[in-house]
Amino acid sequence: QMLRRSFVGASAVEIRDTNNALVWSSNPAKDGTIDNAANDDGGDHHWADVGNGVERRKLPEDRLQYRYSLEMHANGHVGWIVADYDTQASIAMSTASEAICAAFSSVAAFMLEELELHTECNQLAKELTERYEELNLVYSTKDQIEHFEEGQEALSHLVHNCVDYLNVGFAALICRDRGLFLHQTNQRDAPPNIDDALTLLSTTIYDWVESQVHSIIINEADNDLRDRLFAGRGENLLAYPIMDDHGTAIGILAVVARRELHTFSNGDRNLLDVMAKKASRIIHTHHDSLTGLINRSGFESSLLGMLAHTRSKNQQHCLLHVDIDQLHVVNDLMGHQEGDMLIRRIAKQLRGLLRDSDVLARLGGDEFAIVLSNCDVKVGITIADNIREAIHAKTVVSGNRQLGVTASVGLVAINRETDGIMAAMASAEIACRAAKEGGNDRTKVFEEDNTELVQRSEEIEWIGRIQEALRENRFVLFCQPVLPIRDESKPAHCEVLVRMLDEAGDLLSPALFMPAAERYQLMPLLDRWIIRNTFAELSKNWGELGPSGAVFCINLSGQSLTNAGFLPFIAEELERYSVSPNQICFEITETAAISNIDEAVEFITLLQEMGCRFALDDFGAGLSSFGYLKVLPVNYLKIDGCFIRELNTDRFSLSMVNAICQIGRTMGLSMIAEFVSDDETVEKLREIGVDYGQGYFLGKPQPLEELTDRLIADIRAATA
């Protein structure tokens, strides 16, 4: 209607695109009359400028045609407005060029504004669609996992999502040292010779990204990187490094697309960065951060699958438990960095000694586990001895110091008679301990008729007893006071302890069940029970306990430091029971912290961010205690009891306590002395500057419920 009103008397008004194809006509019956209106036919019918961008030409039968070029800011020439006047109208219009020009100008301005808006809306819709797809990719890719199988499935799903949401022909996730080679193909747009592409991704591309620790985009045909790294390939490539917690590239995530279908942008680069970080989190959950090997959780999952094969296919495997002898000596004399380097070197060496079908894991600290697939005991012993000899050939050199390295190996056969993976791992560990006690640097085979090893295997019975006690809630919380001795106005602390009720209802000392719980990896379960039930008990009267400022200390095992999901569990329990985090203090032993130094630092830092406090227990027992203290962000030091017991009789113990307190005060830490046994010791500790004391002399352990009742009674009496 606007066009008809603007061009009064026109027999036809048309909109044509840049190729002169008809887009719209006011008179479809006449749309053939000006098919070539946008063309300059030359001769007597050429176009002449009549001003303001409008052109005119004369046609036979006294017809006049006018045209006006549509020019957009971003896209330039996009089409034409064409008006055709027949004989009667042309006589009048030939003298009305100004009116024609005004009509074209007005109509073009309106149309261009509409086109600009339409283009902008289309672009916005396209960008929103892309963002939606990106969000789908990010949020549909799970990276919070607990079980090893979930991790493997999550990585496969991540690669699959990269293909689907980035609309590429091929995606791959490669971590060579971890044995991860995952890829997914879009069959519709798959590039040719995928095996060749995988080879390049696993070699030249991998090496470049790993060394540069930087992403790479190859789009242009003449790109120098293509010639050097992706030679012979006609596809575009985007690859991003997968990083570990130390900022080292441990693998790559790469996508490949046919050049005519997809050109990679910075947006694609940013999105792949997010996906690489997700891959890193998944890998970190079930791989050891120091060596890149699978961790205990991943190993147990692999062993479970291999045990199933022994029963269905009558196969036999060998399980090895490898323990590096006296690694703590390397840590104490040369520092934990040298110890970590040694662990990495041994892990790399073990990889080289094993087949692809074998399974290698780092269980933690100085322990490795290996499954030799389809291997009988005789061959297993030979391989175990080869492993020991290879490790024995290593030395650790630091300055003028040089230490030899040895390993002890325990071996157990895995066959259809094997009674579960926990029993198998425990048997291999028992054999390894026997090898160490026999003088280190030897291999010991677990045999059912070996009296010594059978006695050790009786410890395994505690696994079932502990698990049953957890199911039946047969643990009891006790608490021992930790009293202020330097400034008695400070609120008291209480250390939460645990006892086990046997089947008859009698209390069992932790000395009976705790070693088995630690040895057979049950501590995370026990720690969870203690935390949940402590918070539940405290929450009953937190309205009165909270304002008192009392701090409750809960011991954590080294196993819980590296247990997937333990930190979220603590956060959930704190929120569930509404206990103030700043009145909860977690304790770990110095040995546990040093064995998992990186995990310990991260664990402590995150707990402190929640508001919790942290204490380092048994401090001073190691030769390198002070060195580790610099990197462990704790609030309290609990001085090892061996120094407190002999504080009044041994000058060395007194000097050590003095030194610990001096360092602690410099770092702004509070000091706690364990095993305080008399008034003389209390007075000496007060003189030295120790803040808190703990021991039977100051207060015996009592049920947590009784202690909280007494605290509440004291609070009420003080405010009465």
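I need the full set of residues from region 520-536 which are of a type in the set (Phe, Trp, Tyr) and either free of Cβ contacts under 8 Å to residues at least 60 places away in the same chain or crowded, with 21+ Cβ neighbours inside 10 Å (or both), in order please. Spell out the reasoning first.
Within region 520-536, the first condition is being of a type in the set (Phe, Trp, Tyr), and the residues that meet it are 520, 529, 535.
TRP529, PHE535, listed by residue number.
In the set GLU573, GLU544, only one residue is touching a residue at least 60 places away in the same chain (Cβ under 8 Å) and charged (D, E, K, R); that residue is GLU544. Can you pull out the residues in region 261-304 that are within 18 Å of ALA172 (Cβ to Cβ) and of a type in the set (S, T, N, Q)? Within region 261-304, just SER280 meets the criteria. Restricting region 470-492 to residues that are surrounded by 17 or more Cβ atoms within 10 Å (Cβ to Cβ) and among the β-branched types (Val, Ile, Thr) leaves a set whose member that is farthest from GLY689 (Cα to Cα) is VAL482. Looking only at residues in region 623-680 that are surrounded by fewer than 17 Cβ atoms within 10 Å (Cβ to Cβ) and among the basic types (Lys, Arg), the one that is farthest from THR589 (Cα to Cα) is ARG651.
Hey, any hits in region 289-311 for a residue that's at pLDDT 85 or above, touching an Asp or Glu at 6+ places or on another chain (Cβ under 8 Å), closer than 24 Å to ARG416 by Cβ and of a type outside the set (Ser, Thr, Tyr)? Within region 289-311, not a single residue is at pLDDT 85 or above, touching an Asp or Glu at 6+ places or on another chain (Cβ under 8 Å), closer than 24 Å to ARG416 by Cβ and of a type outside the set (Ser, Thr, Tyr). Does MET275 meet the test of being part of a helix (DSSP H, G or I) and not assigned by TED's automatic domain parsing to the domain that holds GLY439? Taking the combined requirement at face value, the residue satisfies it.
For region 191-218, a residue qualifies if it is part of a loop (DSSP other than H, G, I, E, B) and at pLDDT 85 or above, and the qualifying residues are VAL213, HIS214, SER215.
Filter region 2-21 for residues that are part of a helix (DSSP H, G or I) and of a type outside the set (D, E, K, R); which is farthest from GLU98 (Cα to Cα)? Before you say what the answer is, go through the steps one by one.
Let us first name the residues in region 2-21 that are part of a helix (DSSP H, G or I), namely 2-6.
Imposing the further condition that a residue be of a type outside the set (D, E, K, R) reduces the set to 2-3, 6.
Details: MET2: 18, LEU3: 17, SER6: 13 Å.
That would be MET2.
For region 298-341, filtered to residues that are within 29 Å of the chain's Cα centre (by Cα) and charged (D, E, K, R), the residue that is farthest from GLU389 (Cα to Cα) is GLU300.
Within region 358-382, which residues are within 34 Å of the chain's Cα centre (by Cα) and of a type in the set (Val, Ile, Thr)? Talk me through it step by step, then tell me what you get.
Step one: list which residues in region 358-382 are within 34 Å of the chain's Cα centre (by Cα), which gives 358-374.
The answer is VAL359, ILE370, VAL371.
Under the condition of being among the β-branched types (Val, Ile, Thr) and surrounded by fewer than 15 Cβ atoms within 10 Å (Cβ to Cβ), which residue from region 229-273 is nearest to ARG178 (Cα to Cα)? In this case the residue turns out to be THR248.
So is GLU429 in contact (Cβ under 8 Å) with a residue 60 or more places away in the chain and either surrounded by fewer than 19 Cβ atoms within 10 Å (Cβ to Cβ) or not in a strand (DSSP E or B) (or both) or not?
Working: in contact (Cβ under 8 Å) with a residue 60 or more places away in the chain: yes; either surrounded by fewer than 19 Cβ atoms within 10 Å (Cβ to Cβ) or not in a strand (DSSP E or B) (or both): yes.
Yes.
Helices (runs of 4 or more DSSP H) fully within region 287-369 that include at least 1 residues being in contact with a strand residue (DSSP E or B) (Cβ under 9 Å, 6 or more places away or on another chain), in contact (Cβ under 8 Å) with a residue 12 or more places away in the chain and among the hydroxyl-bearing types (Ser, Thr, Tyr): 296-313.
The rows are residues; the columns are (1) touching a helix residue (DSSP H, G or I) at 6+ places or on another chain (Cβ under 6 Å); (2) of a type outside the set (Ser, Thr, Tyr); (3) surrounded by fewer than 22 Cβ atoms within 10 Å (Cβ to Cβ).
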residue	(1), (2), (3)
SER301	yes, no, yes
GLY305	no, yes, yes
GLN316	no, yes, yes
ASN331	yes, yes, no
MET334	no, yes, yes
ALA347	no, yes, yes
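The values are calculated or read from the model by the stated rules, or taken from the named source; none is laboratory data. What you see is a predicted model; the values in this text were computed from it and never measured. Methodologically, a virtual Cβ is constructed for each residue, glycine included, from the backbone with ideal geometry; neighbour enumeration extends over all protein chains shown.
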